[in-house]
């Protein structure tokens, strides 16, 4: 399915003529007080980019539609819903509503959602996903409206992109364990090919080195699942191996699986082993016993930042490139001092 042809707007005319959007509007409406040379330059640029006078109504309508769209591939909504909540929190005071569409990794469905959102004359789009790895999506030039990536990345590094700082979050986790007196800190996480795994592992290694906690640093990689967390914990505590006194898990699911293994084998949390997760998936972190200390990616704040960036783009300001937002430490019952 082909995407609809890009709608030429006064933004395109302003860019071609090297003037402001308001100057284009005045030139098109024949407002007095404008130099004839400027008016001619605007009209010439409008003709060059294919802008028709009756397109002005569409362009003005686009500026007042007061809607933006979210296109997500997160079929469970685990990451999208807090991002959408933050986005709405930022846009609501400006009377801007949000349409949410879930493409569930279906390329054709995503194209259809985009076409429908463009048909509704949304003023901008936010692309998000259930993982941070890069995905191909249409560019702002293709769509003719501003776009922002949040908890997702396109294949154009210039597109404004908001991501959690996985490396900083991992450092927070390990620094917390070091501050509690732990010295044999293991890391269990997801598949190597995920960028989040690479960045969290890098943060773990940095904090281990900075904390001067020796060369214990065991890292095991598996899957994003409780079953994998269980299996990796079993490998860590196999007979004859130097057991860790703390575990940094790359996700709350992995942490929960590891906790199940420890509980089954009489290893007390946190008396024998402290454990910390990543994500702050509250439905999981609050339900497990003991409650899980974890890293919060602050997805509400990330959504709000995406909304702010989109607003700036809609006003004609320039924003581009990747911005990584800090994570936070949420301390619960699964970690404690070694001296207690």
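The values are calculated or read from the model by the stated rules, or taken from the named source; none is laboratory data. Computed from a predicted model, the values in this text were never measured in an experiment. FYI the Cβ positions are ideal-geometry reconstructions off the backbone, even for glycines, and counts take in every protein chain you see.
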Got at least one residue in region 263-275 being under 19 Å from residue 81 (Cβ atoms), crowded, with 22+ Cβ neighbours inside 10 Å and at pLDDT 95 or above?
no
From 183, 205, grab the single residue that is modelled with pLDDT under 95 and farther than 27 Å from residue 130 by Cα.
183
Looking at (1) outside any loop (DSSP other than H, G, I, E, B); (2) surrounded by fewer than 21 Cβ atoms within 10 Å (Cβ to Cβ), which is the only condition residue 291 fails?
(1)
All but one of (1) touching a residue at least 40 places away in the same chain (Cβ under 8 Å); (2) assigned to a loop (DSSP other than H, G, I, E, B); (3) out of contact with any strand residue (DSSP E or B) (no Cβ under 7 Å at 6 or more places or on another chain); (4) surrounded by 15 or more Cβ atoms within 10 Å (Cβ to Cβ) hold for residue 337, so report the exception by its number.
(4)
Of all strands (runs of 3 or more DSSP E) fully inside region 91-200, the set with 1 or more residues that are touching a helix residue (DSSP H, G or I) at 6+ places or on another chain (Cβ under 7 Å) and within 21 Å of residue 304 (Cβ to Cβ) is 97-102, 125-128, 147-150, 161-164
Considering only region 303-320, I want to know if a residue exists there that is touching a helix residue (DSSP H, G or I) at 6+ places or on another chain (Cβ under 7 Å) and on the phi > 0 side of the Ramachandran plot.
yes
Region 189-237 - residue that is surrounded by 20 or more Cβ atoms within 10 Å (Cβ to Cβ) and touching a residue at least 60 places away in the same chain (Cβ under 8 Å) and, of those, nearest to residue 261 (Cα to Cα)
189
Can you spot a residue in region 304-318 that is in the same structural domain as residue 173 (by TED's automatic domain parsing), assigned to a helix (DSSP H, G or I), buried (at least 20 other Cβ atoms within 10 Å of the Cβ) and in contact with a strand residue (DSSP E or B) (Cβ under 8 Å, 6 or more places away or on another chain)?
no
